[in-house]
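What follows is a single structure, written as structure tokens, with notes after it.
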Amino acid sequence: MVDSSIWDQEIDVPEDVICYVDSNVSASVLPITPWSEMGTRAKRNYLPTAVTKFYQIFHPGAKSRAYPRMERATGHARQKYKLHRRTEARYRSFSRSAHAIFDVMLIARFNGDYQVSQNETGKGMMSGEFASMSALHDTMPDLAPKPIAWGTYASNPNVHFFLCSFHDMTDEVPDIEVFPAKIAELHMKGVSPNGKFGFPVINYQGRLPQDTTWCDTWEECFSRSLKRMLELEEESQGYNEEMRFLSNAIMTKVIPRLLRPLETEGRQILPRLVHGDLWDGNTSTDVATDNPVIFDAAAFYAHNEYELGPWRPTRHKIGKLYVHAYHKYFPISVPEEDFDDRNALYCIVMEEMKDLVEKFPEGYEGWIKQRGVSPEDPKI
């Protein structure tokens, strides 16, 4: 619900952070030879394989993210980068500093992705990313990169990093036949270790911390998570009367109406491991294997259908056709007739919220009354 225009804003990136690899990062991986100490033949042999992605999230007050994408390019070393659109001008000047840049690029020798962030928020982001990706990789090692380490720079205690195995990826979304099947398999295999909904550590969507408190019911877990998001929205955007009304109605009417029936009258759902932010920007296809790859997770144990919320907006490349394909492998939860409305709820978009509030003014109690079920029924 945050203004999408913030994703186009530039972020100041400290040069001293991106132009070298901190010793704690180097210590987390296999020993490497500094570029300045490599011989001519070694450099010549190394250049074709110097491929990595370098994610960065910096400015303390920023609400957006910059993802400079560094890839191999043909030709002379000074032409070695193909940089992601909006960041090209910002990073072109750094390509002249071959020794410093190649200290970063040398990470590719052990096939690693390198993500950096700053401040306490950044530390939480790196910790949450490591825990999230570890859970996903442990469950589906062919779907998620292997986490290597996370930690804090020795040279700057305000800078934190996350390392994982490297995958050279295409710019295309995964295949519609393969990807939904893999995500369904993840959900089938990834069952909560304690039978509860939530996650053992706080994770982040962007720079926003999520409420991952362990809960006995999905209704409570989702309510806590959404409440936290709405509070952060109000802190960021200021008080809005319409938004406050919609938020209250969603929490007291819509969530009970759509989520309580999943776990009453003898029905139940199991907490399943989800990526947590699975839109087309957080998945791709591995060039070497042609398999889907998912990354940048905010994982937790949830209703599996929660994963499909980002597939609802028409602007996303992974859309409703993927949802239909997914249900070939993982059936719709009962009550099936509520699926589309649950999907709208999990999408968390303003217009969808308005429609749901208008559709369910009487909430769960109205649904019980409509079906002629007594509120005193012990199954309710």
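Tabulated values for the structure
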quantity: Lone qualifier among G266, G238, G276 - being at positive phi, touching a residue at least 60 places away in the same chain (Cβ under 8 Å) and open to solvent by 30 Å² or more (accessible area, probe 1.4 Å); calculated: G266
quantity: Options L258, L232: the member that is touching a Leu at 6+ places or on another chain (Cβ under 6 Å) and over 22 Å from P209 (Cα atoms); calculated: L258
quantity: Residue within segment 131-154 that is open to solvent by 10 Å² or more (accessible area, probe 1.4 Å), over 26 Å from S225 (Cα atoms) and basic (K, R) present; calculated: yes
quantity: Tally of residues being out of contact with any Phe, Trp or Tyr (no Cβ under 8 Å at 6 or more places or on another chain) and at pLDDT 95 or above across segment 208-224; calculated: 5
quantity: Spans of helices (runs of 4 or more DSSP H) in segment 218-263 with at least 3 residues among the basic types (K, R) and within 23 Å of the chain's Cα centre (by Cα); calculated: 218-237
quantity: Boolean, I183 is among the β-branched types (V, I, T) and within 18 Å of S132 (Cβ to Cβ); calculated: yes
quantity: Within segment 259-279, tally of residues that are within 30 Å of F295 (Cβ to Cβ) and of a type outside the set (G, A, S); calculated: 12
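Here is a yes/no grid of residues against (1) open to solvent by 10 Å² or more (accessible area, probe 1.4 Å); (2) out of contact with any Cys (no Cβ under 7 Å at 6 or more places or on another chain); (3) not acidic (D, E):
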position: F300; (1), (2), (3): yes, yes, yes
position: P313; (1), (2), (3): yes, no, yes
position: L321; (1), (2), (3): yes, yes, yes
position: D341; (1), (2), (3): yes, yes, no
position: C347; (1), (2), (3): yes, yes, yes
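The values are calculated or read from the model by the stated rules, or taken from the named source; none is laboratory data. Bear in mind that the values here come from a model prediction, so they are computed numbers and not experimental data. Note that each Cβ is placed from the backbone with ideal geometry, even for glycine, and that neighbours are counted across all protein chains shown. Accessible surface areas use protein heavy atoms only, side chains included; no ligands, DNA or RNA. Shrake-Rupley method; radii C 1.70, N 1.55, O 1.52, S 1.80 Å.
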